[in-house]
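These notes are about the structure you will find just below.
The values are calculated or read from the model by the stated rules, or taken from the named source; none is laboratory data. From a predicted model like this one, the values you see are computed outputs, not experimental measurements. Because the Cβ atoms are built from the backbone with ideal geometry, glycine has one as well, and the counts that use them run over all protein chains shown.
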Amino acid sequence: MNTFYDRWLGGRQGAIGLLLLALLIFIILPVFLDIYRLNNVGKYLTYAFAAVSLVMLWGHAGILSLGQGIFFGVGGYCMAMYLKLEASDPASTARQTTPGIPDFMDWNQITQLPLFWEPFHSLPFTILAIFVVPAVLAYIVGAAMFKRRVGGVYFAIITQAIAAILTILVVGQQGYTGGINGITDLKTLHGWNINTDSAKYILYYINGVLLVGVILLCRYILSSKLGRLLLAMRDKEDRVRFSGYDVSNFKIFVFSLSAIISAIGGAMFTLQVGFMSPTFVGIVPSIEMVILAAVGGRLSLIGAVYGALLVNYGKSAFSESFPALWLFLMGGMFIGVVMFFPNGLAGLYQTYLKPSVDRFLDKFTRKSSAVKSAALSEKKEVAE
Amino acid sequence: MLFGYSFSDLGSILVMQGFSGLSLFSVLLLMALGLAIIFGQMGVINMAHGEFMTIGAYSIYVISKITEQYFPGFMAYYFVVAIIAAFVIAFTVGYFVEFLLIRHLYRRPLDTLLATWGLSLIMQQIFRSVFGGREVSPTLPDWLMGSWSPTPSIDIPINGLFVMLITLVVTAVVILALHKSRWGLKVRATTQNRLMAGAVGINTQKVDRMTFAVGCGVAGIAGAAFTTIASTGPTSGSTYIVDTFLVVVFGGAASLLGTVASAFTISQAQSILTFFMTNAMGKVVTLLAIIVILMLRPEGLFSSKVRK
């Protein structure tokens, strides 16, 4: 019980933070928002997966990937391919020249389902693919770069280039991928209609549970020896290498992990929004995922979720009424979080709010057991 | 016969596509020169580099409009003046950007990446607010129009030749300045060993600011070259930034000769492939090839023998 409390929940501070987040996601938002808005929040929360993955990768391991959109997209497309195949059964596509294949293939004079689409008839394969494909992709890219000690800005730009290539490829190969429109008109998941209100509620909750689960897993990793090594690597890579560790393997691991986390977000995005398109894959969405993590605080897993909610809410609120202002604001955020608030919202909380929260909590818990709280806060300092 | 073309046709296609590749080469090389000296010396990537190109392009546009309106007699000559103006304007903006933003971030290259991306968003929006979202083109002087046909099937546009000429001159000047001038000496000293350069009395901060501004100025000239081959919009520059960075890395970050060679290879490959495949696929194949080569040989074509 104690290891669970300290390592998975992150001690008192972490447990309270997580509790508040869970309260917000599972109770407050669903109670106060109608289903349309809640569905939007669900969409923002799928970006939070990417933001959390960047906290692991960039904040704690010091590897900036400007290509998280790649993995978000891979996850989203895997899910979309399955849903599209289910929506294109021979009965409902009887009017096409070739019934039984997705409509955009028919429009592009393709008469047979391409081979790489075949396995996506099966739901277990699709779910497996959502985990395996991004992990393998990240492994290949990561192994090629980290084994040769390529990192820093090189890595950032090359991941960005890969995101660009993937977008051009998806847009260019319209017959196989749906082109710029993406994969649309998705209806059912294994016979279950995903467009009804009740389905949207269920998907929102599944999404929330997965997000909290991912945060717990990341907390566990960060509190382990591996987590310490990641931090050490970020701060003094050579010293870790001289101590006998193979730095590249840790980097490949955390890059693959972040890829999987983003891909889960992508798959949930497809399910909740009902389509997937290359506009969520390329350079711009990828770098916007970084700003979500940066605004929330690049070291804080929970902060990343708030960052994702806030920035995306701001984006949809501003870009409808003042599109010009939004780009200034977005640009200002990039400069601001780098120059003035390197630890984002979480950093602001740490400096301004945390002392008074701590005092309040201490007063509250001292009544029950003074010794325990002292021991706990000591442990927490060590963990931090 | 190959792909259904006769060999003389193929020859002409190769020459013409090769030539259109040379226009791309000019823009890429001018952009990459600036990026390469900045990256080589300070280790930061300027993601707003494309926007400095756009500044240059808009400068040409504005000057062409002013000339057309008030001094129609000078239309034939304005372009040369405008190129200098493009350099000066981009240089000045770059100087202030370095002073206000970049110099605080030299120790954090990843953060510079993000901050300059933010800068590029802001600059794009400024362009959009000032010049509108639609693409604009300057009125080019008559002598830049038309084409030169050495054989009946080959058609080479004059503006392409002119852009080539500018590129060659600018590249030569930059390389000469780096190797023969006082400033170049300081730059090379700072690039090789910043601490030692400081110790022997070089004001490295000043050198940094100058280098950054010169790099941006050269990007401004790239913008001038750009106006002769395409029309300018607020996001024109940002489409080049990834390609440009790949040019720099592929050539080997520390070698200007490598930058020239890689800009040539990439632009030619892209231009010739584009003819045989769709535009998009030509680009995908080229970029993918570069990335694979970079994974096999991360130090680029021409690596420097400096220990890092």
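The set of residues from the stretch B:123-141 being under 19 Å from A:A324 (Cα atoms) and buried (at least 19 other Cβ atoms within 10 Å of the Cβ) comprises B:M123, B:Q124, B:Q125, B:F127.
Here the condition is being more than 21 Å from B:I166 (Cα to Cα), out of contact with any Phe, Trp or Tyr (no Cβ under 7 Å at 6 or more places or on another chain), of a type in the set (V, I, T) and touching a residue at least 12 places away in the same chain (Cβ under 8 Å); of B:V97, B:V81, it holds for B:V97 alone.
Restricting the stretch B:100-115 to residues that are more than 21 Å from the chain's Cα centre (by Cα) and free of Cβ contacts under 8 Å to residues at least 24 places away in the same chain, the residue that is farthest from the other protein chains (Cβ to nearest Cβ) is B:R107. Residues that are within 14 Å of chain A (Cβ to nearest Cβ) and within 14 Å of B:A230 (Cβ to Cβ) within the stretch B:32-60 comprise just one, B:G50. Of all residue pairs spaced 6 or more apart or on separate chains, those with beta-carbon atoms under 7 Å, a first member in the stretch B:157-172 that is over 14 Å from B:F79 (Cβ atoms) and a second member that is among the β-branched types (V, I, T) and surrounded by 16 or more Cβ atoms within 10 Å (Cβ to Cβ) are B:V170/B:V218; B:V170/B:I221; B:T171/B:V260. If you go through the stretch B:68-83 and pick out every residue that is surrounded by 15 or more Cβ atoms within 10 Å (Cβ to Cβ) and closer than 23 Å to B:V218 by Cα, you end up with 4. Just for the stretch A:78-106: of the residues that are among the hydroxyl-bearing types (S, T, Y) and at pLDDT below 90, which one is surrounded by the fewest Cβ atoms within 10 Å (Cβ to Cβ)? Once the filter is applied, the top-ranked residue is A:T97. Take B:Y77 and decide whether it is touching a Lys or Arg at 6+ places or on another chain (Cβ under 9 Å) and more than 30 Å from A:W58 (Cβ to Cβ). Considered against the rule, which asks whether it is touching a Lys or Arg at 6+ places or on another chain (Cβ under 9 Å) and more than 30 Å from A:W58 (Cβ to Cβ), B:Y77 comes out as no. Could you list all residues from the stretch A:284-303 that are touching a Ser or Thr at 6+ places or on another chain (Cβ under 9 Å) and either among the charged types (D, E, K, R) or surrounded by 22 or more Cβ atoms within 10 Å (Cβ to Cβ) (or both)? Hits for the stretch A:284-303 are A:S286, A:M289, A:V290, A:A293. Filtered by the rule that a residue be in a helix (DSSP H, G or I) and away from chain B (no Cβ under 14 Å), the stretch A:265-287 gives A:G265, A:G266, A:A267, A:M268, A:F269, A:T270, A:L271, A:Q272, A:V273, A:T279, A:F280. Within the stretch B:116-127, the residues that satisfy the criterion of being more than 7 Å from every other protein chain (Cβ to nearest Cβ) and either of a type in the set (A, V, I, L, M, F, W, C) or farther than 10 Å from B:A48 by Cβ (or both) are B:M123, B:I126, B:F127.
Summed over the stretch B:105-137, the residues that are modelled with pLDDT of 90 or more and in contact with an Asp or Glu (Cβ under 7 Å, 6 or more places away or on another chain) give a count of 3.
Of the residues examined, A:I63 is not one that is within 14 Å of chain B (Cβ to nearest Cβ) and part of a helix (DSSP H, G or I). Here is a list: B:G21, B:G11. Which entry is away from chain A (no Cβ under 14 Å) and either crowded, with 18+ Cβ neighbours inside 10 Å or basic (K, R) (or both)? Being away from chain A (no Cβ under 14 Å) and either crowded, with 18+ Cβ neighbours inside 10 Å or basic (K, R) (or both) holds for just one of B:G21, B:G11, which is B:G21.
The listed residues are A:M105, A:M79, and the only one of them that is assigned to a helix (DSSP H, G or I), touching a residue at least 40 places away in the same chain (Cβ under 8 Å) and in contact with a strand residue (DSSP E or B) (Cβ under 8 Å, 6 or more places away or on another chain) turns out to be A:M79. Cβ separations smaller than 9 Å between residues 6+ apart or across chains give the following pairs from the stretch A:325-337 residues that are more than 7 Å from chain B (Cβ to nearest Cβ) to residues that are of a type in the set (F, W, Y) and part of a helix (DSSP H, G or I): A:L325/A:F318; A:W326/A:F318; A:L329/A:F318. Looking only at the stretch A:142-157, residues that are within 21 Å of A:I260 (Cβ to Cβ), touching a residue at least 60 places away in the same chain (Cβ under 8 Å) and at the interface with chain B (Cβ under 7 Å from one of its Cβ atoms) come to 1 in all. Each residue in the stretch A:157-212 was checked for being among the small types (G, A, S), over 30 Å from A:L19 (Cβ atoms) and either part of a helix (DSSP H, G or I) or touching a Cys at 6+ places or on another chain (Cβ under 7 Å) (or both), and 6 pass. For the stretch A:263-274, the criterion of being in contact with a Cys (Cβ under 9 Å, 6 or more places away or on another chain), β-branched (V, I, T) and surrounded by 24 or more Cβ atoms within 10 Å (Cβ to Cβ) is met by at least one residue.
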